[in-house]
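Single-structure report; data block below.
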Amino acid sequence: MPRDAAALPAAPVAGHGLALPREAGWWLLLVPAFLLMTVLYLAPILQVLAISVTEPAPGLGNYERLLTHPGLQRVIVTTLRICLVTTILSLLLGYALSYVIALASPRAQRWWLLGVLLPLWISVLVRAFAWVTLLRRQGLVNEGLLGLGLIDRPLPLVWNEFGIVVGMVHYMVPYAVLPMLAAMREIDPRLLAAARGLGASRGTAFRRVFLPLSAPGLVAAGVLVFIVTLGFYITPAILGGGKTLMAAEWIKLQILDLVRWGMGAMLATMLVVTILTLLGIFSRILDLRRVFGGGR
């Protein structure tokens, strides 16, 4: 009997004199998926990259605009600021929610998870217009504050950065909860009990035991939320009212309205490069399988 896979005989191909290793069958099964990914993803990305260095003239002129175009720099700064604020708020809300779910009973966890996942089943377009209805000058929030006498005139809660952040945080909290909850479920509750038994207060046990052990899930959620928010389009377009431009809306403006394919393709390429760089750094820092609950 052969001792290893290398000693296994090659599998002959029916009707031919050629022989293939037995492991080749598994790789052949991946060929259709690889070709599909190449056609649907890799080829368009390469085409966008080519447009960014050929329109309107060959060269790196479009990329030089990153350093010289004030409007573009303002869009990039606005995008990063909104994404960072959204990520921080989503992590704060998501961590508290994940902590409650992780320590709840199995039956309560199912109901909590249903509440977390339920917003994902509602269209992002519906949710954006719902927030417009709630936050506009004659909306429920302003009318309620006026009725309570807390304000004497409606607050500008929508068609600005505040409205965009509210809508994006509402969308991203479930995405923050899932990786953090996966990491928290791997924490042995007996560790917290042992810390309490040794005299630590509830806050000390959380700060010295639970928080460090859940840090991989916190980092994973932060990277995931930040990457997803970089490409937001519908929520900023509706809740921003065209007054606050983020990267995706600016790309749409350049390509469809101003017909500046090179400029739009340049920023789209920079978004892809940024996302791939963050994923590369993240994958080297943390074990992805453990973070997302794939094993210890």
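The values are calculated or read from the model by the stated rules, or taken from the named source; none is laboratory data. Computed from a prediction, not measured in an experiment: that's the story for all the values here. FYI the Cβ positions are ideal-geometry reconstructions off the backbone, even for glycines, and counts take in every protein chain you see. Heads up: the accessible areas ignore ligands, DNA and RNA and are worked out on the full protein's heavy atoms, side chains in. Shrake-Rupley method; radii C 1.70, N 1.55, O 1.52, S 1.80 Å.
A Förster distance of 30 Å, applied to the separation of the beta-carbon atoms of residue 88 and residue 50, puts the FRET efficiency at 0.25. Put simply, the C-alpha atoms of the stretch 64-293 give a gyration tensor, and the ellipsoid matching it has half-axes of 36, 25, 15 Å, longest first.
Using the 1.4 Å probe convention, the accessible area of the stretch 209-281 works out to 41 Å² per residue with neighbouring protein chains retained. Can you list the residues of the stretch 166-190 with backbone N under 16 Å from a point 7 Å past the Cα of residue 130, pointing along Cα to Cβ? 166-175, by backbone N distance to the label point. Placing +1 on each Lys and Arg Cβ and -1 on each Asp and Glu Cβ, with no other charges, gives the chain a dipole about its Cα centre of roughly 900 debye. Using a probe of 1.4 angstrom and keeping all protein chains present, the accessible surface of the stretch 114-195 works out to 54 square angstrom per residue.
I'd like the projected area of the stretch 243-284, averaged over all directions, using the convex hull of its alpha carbons. Report it in nm² with one decimal. Intermediate results must be reported in sequence, preceding the final value.
Numbers: hull surface 12.9 nm².
Orientation-averaged projected area of the Cα hull: 3.2 nm².
Residues considered: 181, 35, 118. Largest GNM mean-square fluctuation over the chain, using C-alpha springs under 10 Å, is found at 35.
Working ranking of peptides 146-154, 250-258, 74-82 by packing, defined as the average number of other Cβ atoms within 10 Å per residue, highest first, is 74-82, 250-258, 146-154. Membrane-span-like helices in the chain (whole DSSP H runs, Cα extent of at least 15 Å along the helix axis, mean Kyte-Doolittle hydropathy of at least -1.0): 24-37, 70-103, 106-117, 124-135, 161-184, 211-230, 261-285. For the stretch 145-190, a/c is not less than 1.5, where a ≥ b ≥ c are the root eigenvalues of the C-alpha gyration tensor, and a/b does not top b/c. That puts it in the oblate class. Surface composition of the chain: carbon and sulfur make up 70 percent of the accessible area, probe 1.4 Å.
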